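The structure appears below as structure tokens.
What follows is calculated from the coordinates using simple rules that are stated; it is not laboratory data. In this text the structure is predicted, and so the values were computed from the model without any measurement. We place every Cβ from the backbone using ideal geometry, glycine too, and count neighbours over all the protein chains shown.
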Amino acid sequence: MKIAVCPGSFDPITIGHVDIIKRALPLFDKVVVAIGYNTEKKYLFTLKQRKQFIDEIFKDDDRIVCDSYEGLTVNFCKSINSKYLIRGLRSSADFEYEKPIAMLNHSISDVETIFFISRPEYSHISSSIVREIIVNKGDASQFLPAAVKY
Ligand code: ADP
């Protein structure tokens, strides 16, 4: 079985993430949306909330599941027998950030990173901008799947 891991903070998941996950699905039997958890990091949404949003969005497709992990992403991949990571690229800045991580991940494991170029209409959407809007009492709903409630 071909399993891909789509890792991220998903704080919160946006329509940009959902698009990448759906576009990756035809290549795999299963896509695990993996919420990376760092106890040192501050999040806007709790891990439980972030998982609930993702479970709700993909509840009708059992090939997409949500899990969470602490520590190295490649160790999580190994633990669930996945050799593929899915990441989205919105810009050259994303590429420069992702390139050394993908190289390192491949050096320390046999995990390959597969990149999807974001749709132009989603390339300005980021969880950090969404959080900024929410914290300042704006309306971020156009960037979010209906399941994300705040
Ligand atoms: P991280 O904290 O690891 O950056 P994120 O949850 O912000 O996690 O993002 C996870 C992945 O989703 C990253 O590969 C990121 O580039 C991608 N991504 C985020 N927003 C978009 C978007 N609007 N379009 C395409 N990919 C995106």
Practice task
Among the residues of region 40-60, write down those that are outside any helix (DSSP H, G or I) and under 26 Å from His124 (Cβ atoms).
Solution key: Lys41, Lys42, Tyr43, Leu44, Phe45, Phe58
Exercise for the section: Scan region 71-117 residue by residue and report those that are under 17 Å from the mean Cα position of the chain (by Cα) and acidic (Asp, Glu). Expected result: Asp94, Glu98, Glu112
Handout entry: Every residue from region 9-39 that is over 13 Å from the mean Cα position of the chain (by Cα) and part of a strand (DSSP E or B)
Key = Lys30
Completion exercise
All conditions in (1) more than 11 Å from the ligand (Cβ to nearest atom); (2) of a type in the set (Ser, Thr, Tyr); (3) crowded, with 16+ Cβ neighbours inside 10 Å; (4) under 26 Å from Ile134 (Cα atoms) are true of Thr46 except (3)
Handout entry: Cross-chain or 6+ apart pairs with Cβ under 6 Å, region 121-132 first and more than 15 Å from Pro145 (Cα to Cα), then within 9 Å of the ligand (Cβ to nearest atom)
Key = Ser123/Arg90
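Identify the residue in region 2-27 that is charged (D, E, K, R) and more than 11 Å from Ser127 (Cβ to Cβ) and, among all such residues, is farthest from the ligand (Cβ to nearest atom).
Lys2
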Practice task
Can you give me the number of residues within region 133-150 that are in contact (Cβ under 8 Å) with a residue 60 or more places away in the chain and either of a type in the set (Gly, Ala, Ser) or in contact with a helix residue (DSSP H, G or I) (Cβ under 6 Å, 6 or more places away or on another chain) (or both)?
Solution key: 5
